[in-house]
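Data block below; observations after.
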Amino acid sequence: MAYSTSKSNYLSPRQDPALDSAAHDIAWVHQRHTNWIFQSDEFKQTPSSRDGIPFSNEKMMRSKGVSFLALVGMHLQLPQQTLYVAATMFHRFYMRLSIKRHHYYDIGATCIFLSTKVEETNRKLKDIVISCCRVAQKNDKLVIDEQSKEYWRWRDIILFNEELLLEAMCFDFAIPTPYNILIHYTRKFVKDDKNRIALTKSAWAFVNDSARTTLCLRYSPRVLAAAALYCGSTICHVTVLPEEHGRMWWEEIEVSIVDIKDACNIMADLYESSPSNMGDQKYTRQD
């Protein structure tokens with residue numbers, strides 16, 4: 001399938017997907033990246049919340065959905081960039097459609113399928129379906145018959161939801177990630193090789209874990225990269241030094257320390273809610 005990002009296909013993330021896109025102002029196209037950034041009060045008015053699901057429950061289901069797609073991605077040996085793009089698609093989807101009506105496993109599987117196309121890390125549909133079956137049933141050794149009802153159920157789910165996902169995404173496939181920005185920051189501000197390697201590893205884990213939260217809908221990749229650097233430096237006890245004397249490093253890259261700490265605290269919320277699922281990295285609150 002060929003994908004287009006032309007204005008005729010583009011819808012505002014805040015517009016009802018049932019409305020005709022042809023009448024849209026071209027300004028939506030130029031502003032499409034910032035239009036995927038939402039304010040805190042907007043998370044109290046998601047389609048799921050209007051369906052009676054408290055956002056605290058929705059957050060838990062979003063986290064489970066991203067965990068599912070991450071496990072499927074690992075089975076398929078997908079790069080982390082592709083998984084982050086899939087998770088971003090997943091979170092964007094639920095800003096337009098209800099998690100009550102569209103199960104997070106179904107949408108997670110579809111996001112994996114679409115992200116492999118967008119990121120050109122293609123996998124065969126058959127392999128994606130088999131991985132979904134194994135992860136859903138928590139059996140890595142499960143033998144899947146391609147003629148079985150389970151195989152065809154997952155195959156149909158993915159293909160049916162692909163068009164729905166495309167429409168919910170507003171046909172907007174430009175999904176920037178924080179990874180390259182983070183590498184640039186660590187090289188810019190940490191000159192010691194040993195410290196830079198340790199800090200990069202910790203900050204990279206922050207970005208990976210953040211995919212389970214709505215941070216990709218709250219802040220730009222630049223802010224998330226800065227938050228990952230800040231949190232990683234705290235965990236690794238590495239001092240991050242600005243290139244210009246008399247300024248803090250976040251001032252040099254023009255990122256608000258308030259936004260950085262808010263992102264860190266959202267990660268602390270995630271850790272406090274499910275510490276057993278967070279690996280070795282512990283996230284603490286920043287005052």
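The values are calculated or read from the model by the stated rules, or taken from the named source; none is laboratory data. Note that the coordinates shown come from a computational prediction; the quantities given were computed from them, not determined experimentally. Glycine gets a Cβ as well: all are built from the backbone with ideal geometry, and neighbour counts include every protein chain shown. Please note that ligands, DNA and RNA were not included when accessible areas were found on the heavy atoms of the full protein model with its side chains. Shrake-Rupley method; radii C 1.70, N 1.55, O 1.52, S 1.80 Å.
Values as computed for the structure displayed
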{"item": "The lone exception for residue 258 - which of (1) open to solvent by less than 90 Å² (accessible area, probe 1.4 Å); (2) hydrophobic (A, V, I, L, M, F, W, C); (3) part of a helix (DSSP H, G or I) it fails", "result": "(1)"}
{"item": "Cβ-Cβ under 9 Å pairs, at least 6 apart or on other chains, the range 170-191 side without any contact (Cβ under 8 Å) to a residue 24 or more places away in the chain and open to solvent by less than 50 Å² (accessible area, probe 1.4 Å), far side outside any loop (DSSP other than H, G, I, E, B) and not β-branched (Val, Ile, Thr)", "result": "183/204; 183/225"}
{"item": "From the options 126, 188, residue that is at pLDDT below 95 and part of a helix (DSSP H, G or I)", "result": "188"}
{"item": "Among the candidates 38, 68, residue that is more than 30 Å from residue 123 (Cα to Cα), aromatic (Phe, Trp, Tyr) and modelled with pLDDT of 90 or more", "result": "38"}
{"item": "Qualifying positions in the range 138-162 - open to solvent by 60 Å² or more (accessible area, probe 1.4 Å) and part of a helix (DSSP H, G or I)", "result": "149, 152, 153, 155, 156, 159, 160"}
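Every residue, every condition in (1) more than 15 Å from residue 286 (Cβ to Cβ); (2) within 23 Å of the chain's Cα centre (by Cα); (3) modelled with pLDDT of 95 or more; (4) among the hydrophobic types (A, V, I, L, M, F, W, C), yes or no:
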{"position": "221", "(1), (2), (3), (4)": "yes, yes, yes, no"}
{"position": "229", "(1), (2), (3), (4)": "no, yes, yes, yes"}
{"position": "242", "(1), (2), (3), (4)": "yes, no, no, no"}
{"position": "246", "(1), (2), (3), (4)": "yes, no, no, no"}
